[in-house]
1. Quantify, in whole percent, the carbon and sulfur part of the accessible surface of the chain (1.4 Å probe; protein heavy atoms only).
2. Residue separation times 0.36 nm, minus the C-alpha to C-alpha distance between LEU20 and ALA71: what's the value?
3. For the chain, what is the accessible area per residue in Å² when the probe is 1.4 Å?
4. Rg and Dmax in Å for the chain, alpha carbons only: what are they?
5. Normalising by the residue count of the chain, find the relative contact order in percent from Cα pairs under 8 Å and 6+ residues apart.
6. Using only helices, what value at 222 nm comes out for the chain when you add -39,500 (n - 2.57) per DSSP H run of length 4 or more and divide by the total residues, to the nearest 500 deg cm²/dmol?
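The values are calculated or read from the model by the stated rules, or taken from the named source; none is laboratory data. A quick note: this is a predicted structure, and the numbers were derived from the prediction, not measured. Each accessible area value is taken on the protein alone, full model and side chains, heavy atoms only, with ligands, DNA and RNA left out. Shrake-Rupley method; radii C 1.70, N 1.55, O 1.52, S 1.80 Å.
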Amino acid sequence: MCHWRRVRNTYRLCGHMYDLADEMIQCDDRHCKFSSTHPSTCVPPACTTTCWQYRQFPDQYNPFIDSLCPACTQQGR
Ligand SMILES: [Zn+2]
Ligand SMILES: [Zn+2]
Ligand SMILES: [Zn+2]
């Protein structure tokens with residue numbers, strides 16, 4: 001089912017953290033209300049019992065990057 005992806009980059013060399021813009025991850029599950037393959041004929045109340053009505057809790061990614069953050073790079077530290 002569809003969900004948001006939330007990415008927070010952590011830059012090792014300066015320790016700063018940056019949140020990236022949330023990204024919508026689409027699925028093609030017909031049992032997902034937000035999916036493009038969800039049948040238009042599937043409507044409540046049936047839909048509420050067979051299909052996902054909510055997006056899943058966001059995936060969290062916390063990659064560590066072996067460099068300075070962009071701001072610190074600009075300051076030439
Ligand atoms: Zn979905
Ligand atoms: Zn449905
Ligand atoms: Zn920094």
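1. Values: 3050 of 5650 Å².
That fraction is 54 percent.
2. Contour length minus Cα-Cα distance gives 16.9 nm.
3. On the way: 5650 Å² over 77 residues.
Ligands and nucleic acids excluded, the result is 73 Å² per residue.
4. Cα only, the chain: 19.0, 60 Å (Rg, Dmax).
5. Working: 136 pairs, mean separation 33.0, N = 77.
Across the chain, relative contact order equals 43 percent.
6. Numbers: 2 runs with 10 residues, N = 77.
That calculation yields -2500 deg cm²/dmol at 222 nm.
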